[in-house]
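Report on the following structure.
Throughout, read-outs are computed from the coordinates displayed, never taken from laboratory work. Since the structure is predicted, the reported quantities are computational estimates derived from the model, not experimental observations. When we count neighbours, we look across all protein chains shown, and the Cβ atoms used for this are built from the backbone with ideal geometry, even at glycine.
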Amino acid sequence: MSASAEPPIGKPVDGRIADDSVDVTIAGSELLAKGFRRYERLHFNMASDASPRSVDILRAGAAAAVLPLDLARDEIILLRQLRLAAHLANGKGQLVEIVAGHVEANEQPIATARRECVEEIGVKPDPLIELFSYFTTPGMSDELITLFLGIVDASRVPEQAGLAAEHEQTLLTRVPIDAALAALEGGAIHNGPLIVALQWLALNRSRIPEIVRKGSVRL
């Protein structure tokens, strides 16, 4: 379910706790820096307040993440790779993660999710089911991640994968679901998409066979 999708049937949402639109006019922008992503300063006005405002935003854009799950073996596939920002933050830069990547131009998130699975864990998920979308750090970035559930055959996953052209070197691990949830509860992992995915898994574990059978979270 994407951020703009209707809530699951039979579960009405209280409008007081639902995201809503706002009347904003972008007055201009400045490019502060350009590397892997653009860093911009945007000037804007709100209809409810005539005072001009400015905010600096990292234009990361759309991304997709996949929780690769082997139903037959009750396992998920995790990967580990260096994240320098994490190293600088707490000294533990070898993060445990799930499949994830940014959506390329003229690409839909589901296509990104499928492509990233092949690139990062060496297998194509079938089926691949969209769960929901969320912002990672909306106070400073426009990155919007769409999370998918991907059903895979864990026996076909190699020990190491990644694209040499993108300087990726990912170590892959097959992990029992119970072990992954225990790591979540014990505070051993800090990667946002993995934490969000495992929280979803903990809440919906009993529903997964039916979700996979119907190909949708809207049961």
>> Using only DSSP helix segments of four residues or longer, with each worth -39500 (n - 2.57), what per-residue ellipticity at 222 nm results for the chain after dividing by its residue count and rounding to 500?
In response: -6500 deg cm²/dmol
> What number, in percent, do you get for the relative contact order of the stretch 15-59 if the mean sequence gap of Cα pairs under 8 Å and at least 6 apart is divided by its residue count?
Replying inline: 33
> Sorted by average packing, counted as other Cβ atoms within 10 angstrom per residue and highest first, what order do 73-79, 62-68 take?
Replying inline: 62-68, 73-79
>> Name the residue from Pro109, Leu82, His190 whose Cα lies farthest towards the positive end of the charge dipole of the stretch 62-214, charges +1 on Cβ of Lys and Arg and -1 on Cβ of Asp and Glu.
In response: His190
>> What is the angle, in °, between the Cα long axis of helix 109-121 and the longest principal axis of the Cα atoms in the chain? Nearest 10 is fine, range 0 to 90.
In response: 50
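Taking 29 Å as the cut-off for C-alpha to C-alpha distance, list the pairs among Lys11/Lys214; Lys124/Lys214; Lys34/Lys124 that go past it.
Numbers: Lys11/Lys214 18 Å; Lys124/Lys214 19 Å; Lys34/Lys124 33 Å.
Listed pairs above 29 Å: Lys34/Lys124.
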>> Using +1 at the C-beta of Lys and Arg and -1 at the C-beta of Asp and Glu, which of Asn45, Gly15, Ala64 has the Cα lying farthest in the positive direction of the dipole of the stretch 6-92?
In response: Ala64
> Which distance in nm do the two modelled labels at Ala111 and Ile195 give, with both placed 7 Å along the Cα-to-Cβ direction?
Replying inline: 3.3
> Antiparallel DSSP bridges in the chain: what percent, to the nearest 5?
Replying inline: 80
>> Just to be sure I understand: if I project the alpha-carbon convex hull of the chain onto a plane and average over all orientations, what area do I get in nm²?
In response: 14.4
> Could the peptides 151-157, 14-20 be put in order, highest first, of the mean number of other beta-carbon atoms found within 10 Å of their residues?
Replying inline: 151-157, 14-20
> How big is the charge dipole of the stretch 11-116 about its Cα centre, in debye rounded to the nearest 20, if each Lys and Arg gets +1 on its Cβ and each Asp and Glu gets -1 on its Cβ?
Replying inline: 400
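Taking 25 Å as R0, compute the FRET efficiency from the Cβ-Cβ separation of Leu31 and Phe135 and round it to 0.05. Could the numbers behind the result be given before it?
Working: r = 22 Å, r/R0 = 0.89.
After rounding to 0.05, the efficiency reads 0.65.
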> Could you give the nm distance between label points at Ser51 and Ser155, where each point is 7 Å from its Cα heading toward the beta carbon?
Replying inline: 6.5
> According to the Kirkwood expression over distinct Cα-Cα pairs, how big is the hydrodynamic radius of the stretch 15-59, in Å?
Replying inline: 12.1
>> With a cut-off of 8 Å between alpha carbons and a minimum separation of six or more residues, what is the relative contact order of the stretch 6-137 in percent?
In response: 15
